[in-house]
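In what follows, a single structure is set out as structure tokens and then discussed.
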Amino acid sequence: MARRTVKRRIWGLLQTDTPGVSWSQILITLLIVASFVLFALETETGLDSRLRQLAHDADSAIPFIFALEFLLRFWASEASPRYMGLKGRRRFISRPVVVLDFLAFAPELIVMIFFPGVAQAAGWVRLLRVFRLLTLFSMYAAFRQIAHAVSDAAHQLAATFAVAGMLLFVAASLLYTIEGGVQPDAFGSIPRALWWAVATLTTVGYGDVYPVTAAGKFVAGIVAIIGVGLVALPAGILANAFAERLHRR
């Protein structure tokens, strides 16, 4: 009886997909933010070596905290009638929210435990914590609404990106034809010209590659104007989908 009571209390404290914001959601969010802040501090060579080592030690402890929280939540999940018994445990494990929570710590923890040499030498191991950002989408309703809005507008977004892909290829082909002989390093092939097309259509305009002929400048101006409208399309589609979903709520 006491064990069941403890399970109920832990389950009530550690649920992360409940309406509103619980203290466990706030704690997990702070841990996720702390893990990225500590990772950033570790890469700062100008920081005192002792502080960097302290940041590294604290950072290394975070996956174990996530693992402990996950195991406690799995153990206490039986307090819910929905997850009682073997079938209930399978149902709990198969939930997308739980899968995301598992990915938030498991890949990095496995590398740290079984391949410590790789974990210390390869900085990319810490990038596995990107999965933790997905956990935020499962915990907070606002993030879930954004994901639902993207799903609602998936067909329109796919059509927009398809049009963007075609325009990129056409723009790169035109500049290859016009500027390829004048600037072979920048426009000597369509793949090379694609870099300019991406920078122009997205209105980034790095300025490292640009046409020098009159015809090339004319085509580049048209592509840049089209890019202004093209970049605005996905934003408008998403804003409309998000507004419709909020209206339905």
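What does the extension gain come out to for residue 82 and residue 30, with contour length at 0.36 nm per residue minus their alpha carbon separation?
Working: separation 52, 0.36 × 52 = 18.72 nm, distance 2.92 nm.
Using 0.36 nm per residue and subtracting the Cα-Cα distance, I get 15.8 nm.
With each run of n ≥ 4 DSSP H residues scored as -39500 (n - 2.57), what mean residue ellipticity at 222 nm is computed for the chain after dividing by its residue count and rounding to the nearest 500 deg cm²/dmol? Show your work: numbers first, answer last.
Details: 13 runs with 192 residues, N = 249.
Using -39500 (n - 2.57) per qualifying helix, the result is -25000 deg cm²/dmol.
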Q. Just going by the charge dipole of the stretch 154-248, with Lys and Arg at +1 and Asp and Glu at -1 on Cβ, which of 160, 223, 205 is farthest out on the positive end?
A. 160
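Over the chain, what relative contact order in percent results from Cα pairs under 8 Å that are six or more residues apart?
Working: 225 pairs, mean separation 36.8, N = 249.
It comes to 15 percent, rounded to a whole number.
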**Q.** Label-reachable residues, the stretch 148-186, where backbone N falls under 20 Å from a point 7 Å from residue 218's Cα toward its Cβ
**A.** 170-183
Q.
Explain nothing, just the number: dipole magnitude of the stretch 154-248 about its Cα centre with +1 on each Lys and Arg Cβ and -1 on each Asp and Glu Cβ, in debye rounded to the nearest 20.
A. 260
Q | the stretch 154-248 pair-distance distribution - Cα-Cα, 10 Å bins, rounded % | A | 17, 43, 23, 12, 5, 1
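Assuming R0 = 25 Å, can you tell me the calculated FRET efficiency for the pair residue 203 and residue 158, based on Cβ-Cβ distance, to the nearest 0.05? Before the final figure, lay out each step's value.
Working: r = 21 Å, r/R0 = 0.86.
Efficiency, from the Cβ-Cβ distance: 0.70.
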Q) For the chain, what D do you get in µm² per second when you plug the Kirkwood radius from alpha-carbon pairs into Stokes-Einstein at 4 °C and 1.567 mPa s? A) 58
Q: Quote the charge dipole size of the chain about the Cα centre in Debye, to the nearest 20; the model charges only the Cβ of Lys and Arg (+1) and of Asp and Glu (-1).
A: 1660
**Q.** At R0 = 22 Å, FRET efficiency that the Cβ-Cβ distance of residue 240 and residue 170 yields, to 0.05
**A.** 0.20
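In what sequence, highest mean first, do 49-56, 237-244 appear when ranked by Cβ atoms within 10 angstrom?
Working: 49-56: 13.5, 237-244: 15.5.
Ranking the peptides 49-56, 237-244 by packing returns 237-244, 49-56.
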Q: Give me 105, 115 ranked fewest to most by other Cβ atoms within 10 Å of their Cβ, as a rough exposure proxy.
A: 115, 105
Q: Run the dipole for the stretch 4-88 about the Cα centre, Lys and Arg Cβ at +1, Asp and Glu Cβ at -1, nothing else charged, and hand back the magnitude in debye, nearest 20.
A: 720
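Rule-based calculations on the coordinates, nothing more; no lab input. Predicted model only: the values in this text are computed from it and were never measured. Neighbour counts are summed over all protein chains in view; Cβ atoms, including those assigned to glycine, are modelled from backbone coordinates with ideal geometry.
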